[in-house]
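First comes the structure, then the notes that go with it.
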Amino acid sequence: MYDLLIKGGKVFDGTGAPWFRADVAVDGGLIEAIGQLGRAAAVETIDARGLCVSPGFIDIHSHSDSSILVNPRAESKIRQGVTTEVIGQCGSSLAPITDKNKELFEEELARWGIDLTWDSMAGYVREVTRRGTAVNVVPVVGHSAVRAAVMGHDNRPPTDGELERMKTLVAEACLGGARALSTGLIYPPSSYADRDEIAALAAVAGSYGAIYMTHMRNEGDSLLEALEETLEIGRRAKVPVQVSHHKAVGRRNWGKVRDSLALMEQARAAGVDVTCDQYPYVASSTGLASVIPGWAHEGGPQAMLERMKEPETASRIRQEMEAAASSRGGWDKVLISRVDREQLKGWEGKTIVEIASAQEVDPITAVFDLLLAGGYVGMVRFGMSEEDVKLVMRHPLVMVGSDGSCLADYGPLSEGKPHPRNYGTFVRVLGKYVREEKNLTLREALRKMTSLPAARMGLEDRGLLRLGMAADVTVFNAETVAERGTFQDPHRYAAGIEAVIVNGRLTVRGGEHTGRLAGRVLVRRDP
């Protein structure tokens, strides 16, 4: 008797091959049989007639580092078919930690009621394992965390000794399980690093079998120059490269993705192993503080706020902000998604222009006021072209990644009006871009969500429906699968996901979470 039997579905194996009708049997957490299994019996059975059966979706770009500790059920991700999340992106991971960056981590975690009990990647992995998780977690070490652990928020090149210490921390993180080094080159302190520093650290990661993942230094006017830097780092470090959330921001840059994708193709022809990922939206999301010029962040968040209060420095900051905003589309394209301060909650879901008008101030003053009030302020920013989104999505080098976190429609993770990508990335691709707009075939979309990211991250037993593979499986209705959240009402779970199996355990059934925490931390092993 099998543990689980999925009967009569359209099986997509994850390779991009045509579907075939079969039963899928699971036993001991593995795919035990695929075929016409007749009267085979199982402890649990799923009637998949009329449904699609696919490998579980792999979110190759996730920021669930903190939220998976807050709510291990990973509600918004598991309910859209995601069985594995690759965290630690854009240079931001919850390790390594030293006295130089510990206070910032403690502040971040304290708002969730979480005590900081680790200082290394291995320690973080143990904490996630101790708490349990509904999805598999793939750890990545962030360059910002590494740099801050050694240099704080200093805006300068490292000394030889500091660079050696950073190399050691990257090595320790890889030994602790990290499968990649990530950078966030618009976010201090990662943005303070030059390509020599990054290439040196990426080479260390590569020596342990890890890859280099990057939020590039620019995704607008200097997109192609930023990509050239990324490709050079890959060449120098001799390491595979993953370009994060590939896009061109700002109307005057629309269409540049044709050139950037061509550059990636040329680099691959020359031997650079480069691929990229994308979320299927024309809006991005990050912290509002990112609109403040990078140099003003030196010394950390409090130092930045003090500079904003000093008239002469504030004037310089304002001038640079206005120039940057005009290139990205203006302040009417910036929506406040979340604030910590209770007195500011009424601004959630409002644009900066709407907030400025209500307060009878200019938009930059409104931004200053929001940041100076203290606490985290999140934003959603509209700046991409729908045609670019479709073009990037179709490219064979591109995978699907949410750039979001596992959230929930209850508890502390239900705060604010976050980007709907947290709840809808994968089902949006399947519903809007496959079924409705036919921008992709279903089997190609599933390849981008399963075998392609699995191969990229070295997940040798995931991403395919094959005998002996780990039983991560998503069962969905291709006719009804859809995103339900919006920018004004984002906390809504996906439609059409009927069942999700993680490591052989039925975690979503009939669209509802069973409460099982069958996920694992998929640490990198010695190459």
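The values are calculated or read from the model by the stated rules, or taken from the named source; none is laboratory data. The model shown is predicted, which means the values in this text are computed figures rather than measured ones. Here the Cβ is made from the backbone with ideal geometry for all residues, glycine too, and neighbour counts use every protein chain on show. To get the accessible areas, we keep the full protein, side chains included, count just its heavy atoms, and leave off ligands, DNA and RNA. Shrake-Rupley method; radii C 1.70, N 1.55, O 1.52, S 1.80 Å.
When you take every Cα atom in the stretch 292-419, what is the radius of gyration, and what is Dmax, the widest Cα pair distance, in Å?
Cα radius of gyration and Dmax of the stretch 292-419 are 16.7, 50 Å respectively.
Could you give the length gained on full extension between T159 and S315, defined as 0.36 nm per residue of separation minus the Cα-Cα distance, in nm?
52.9 nm
So how much accessible area does K417 have, in Å² to the nearest 10, using a 1.4 Å probe?
Accessible surface of K417 is approximately 60 Å².
Just the number please: accessible area per residue for the stretch 101-250, 1.4 Å probe, all protein chains included, in Å².
34
By how many nm would the segment from S207 to K238 lengthen if fully extended, with 0.36 nm per residue of separation less the alpha-carbon distance?
Net length gain for the segment: 10.2 nm.
Would you mind checking the tilt of helix 311-328 against the longest principal axis of the Cα atoms of the chain, expressed as 0 to 90 degrees and rounded to 10?
Result, in degrees: 40.
Across all directions of projection, what mean area in square nanometres is found for the Cα convex hull of the chain?
Computed as one quarter of the Cα hull surface, the answer is 22.4 nm².
Distance between the C-alpha centers of the stretch 374-400 and the stretch 303-361? Whole Å please.
Measuring centre to centre over Cα atoms gives 22 Å.
Hey, any idea what the orientation-averaged projected area of the convex hull of the stretch 422-527's Cα atoms comes to, in nm²?
Here the figure is 7.9 nm², rounded to one decimal.
Using only the alpha-carbon atoms, how far is helix 223-237 inclined from the longest principal axis of the chain? Give it as 0 to 90 degrees, nearest 10.
Taking Cα atoms only, the helix is inclined about 70 degrees.
In degrees between 0 and 90, to the nearest 10, how far off the longest principal axis of the chain does helix 195-207 point, with axes built from Cα atoms?
Orientation of helix 195-207: about 30 degrees from the principal axis.
Under a 1.4 Å probe, what is the accessible area of the stretch 301-345 per residue, stated in Å²?
56
Add -39500 (n - 2.57) for each DSSP H run of 4 or more in the chain, then divide by its residues: what number comes out at 222 nm, to the nearest 500 deg cm²/dmol?
-9500 deg cm²/dmol
Sequence-distant or interchain residues sharing an amide H contact under 5 Å with I211, placed H: which?
For I211, the qualifying residues are A180, L181.
Counting Lys and Arg as +1 and Asp and Glu as -1, each charge on the Cβ, what is the dipole of the chain about the Cα centre in debye, to the nearest 20?
Approximately 1520 debye in magnitude.
Using a 1.4 Å probe on the protein heavy atoms, what percent of the accessible area of the stretch 300-437 belongs to carbon and sulfur?
49
Residue separation times 0.36 nm, minus the C-alpha to C-alpha distance between S222 and V361: what's the value?
That works out to 46.9 nm of additional length.
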